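The values are calculated or read from the model by the stated rules, or taken from the named source; none is laboratory data. Only a predicted model underlies this, so the values are computations on that prediction, with no experimental measurement involved. Backbone-built Cβ (ideal geometry, glycine too); neighbour counts: all protein chains shown.
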Amino acid sequence: MNDTNMLTRMDALEQKLDLVLEYVNQQRLKSEVVEDLVSDVAIIGKDFYNYSVAELEKHAVELDPDELKQLTINLVKNVKNFNEILGLLESMMDLKKDAGPIVNEMIIEFTKNLHSMEQKGYFEFAREIGTVIDNIITNFSAEDIRQLADNIVLMLQTVKNLTQPEMLVAVNNAVKVYGSMQTGDIEPYSLWKLLREMRSPEMKSVLGFMVAFMKNLSKQNSN
């Protein structure tokens, strides 16, 4: 019985020894990998250092060790700021990914609107407006534009009065009458015939209108 217990304990001890040896072997392999990595990095660093020195000498650049030390200190001191900047850039990239489809839709809609405006002739109209403005600039001086600015209120008021319904009706009637008249076939009037025509109700009405108009105009000018 004692021999059996002894053998069992020895087997368990051997298993534990195997585990310890396997762990030690794994640590040794990891240590070798780290050493190889450090060696490779050292070689790369040395090559990079030699290359950097050669390039700096080639371009006649001199490095001050104190400045490099200060730069390193500043980098270490601003690690938090660099992290915040990287976080901000990451947020901006996320925003770009999220807003990308929306921006694409806006661009597509804007392009459609531009196409619709072109089909309706907005751009052609704008070009013609540009021609009008060019003609104005060519044919009018700065003083003319200044006088226009000084009198623009009066001009707009005049246009407003002209666009009243009764004024538009009167102007439209005058244009219709003038258009229907055959100016080439109008017979000449003698003074005697004119005096006889002035006795007609129509001419009396016209004369009354002209007299009233002139009197009201004179009052308006005197105000």
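Of all residues in the stretch 169-176, none are without any contact (Cβ under 8 Å) to a residue 12 or more places away in the chain, assigned to a helix (DSSP H, G or I) and loosely packed, with under 10 Cβ neighbours inside 10 Å.
Could you list, in sequence order, all residues of the stretch 114-126 that are in a helix (DSSP H, G or I) and surrounded by 10 or more Cβ atoms within 10 Å (Cβ to Cβ)?
If the condition is that a residue be in a helix (DSSP H, G or I) and surrounded by 10 or more Cβ atoms within 10 Å (Cβ to Cβ), then Leu114, His115, Ser116, Met117, Glu118, Lys120, Tyr122, Phe123, Glu124, Phe125, Ala126 are the ones that fit.
The rows are residues; the columns are (1) of a type outside the set (S, T, N, Q); (2) assigned to a loop (DSSP other than H, G, I, E, B); (3) farther than 24 Å from Phe209 by Cα; (4) modelled with pLDDT under 85.
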{"site": "Ile85", "(1), (2), (3), (4)": "yes, no, yes, no"}
{"site": "Lys96", "(1), (2), (3), (4)": "yes, no, yes, yes"}
{"site": "Met106", "(1), (2), (3), (4)": "yes, no, yes, no"}
{"site": "Thr138", "(1), (2), (3), (4)": "no, no, yes, no"}
{"site": "Leu148", "(1), (2), (3), (4)": "yes, no, yes, yes"}
{"site": "Asn161", "(1), (2), (3), (4)": "no, no, no, yes"}
{"site": "Glu187", "(1), (2), (3), (4)": "yes, yes, yes, yes"}
{"site": "Arg196", "(1), (2), (3), (4)": "yes, no, no, yes"}
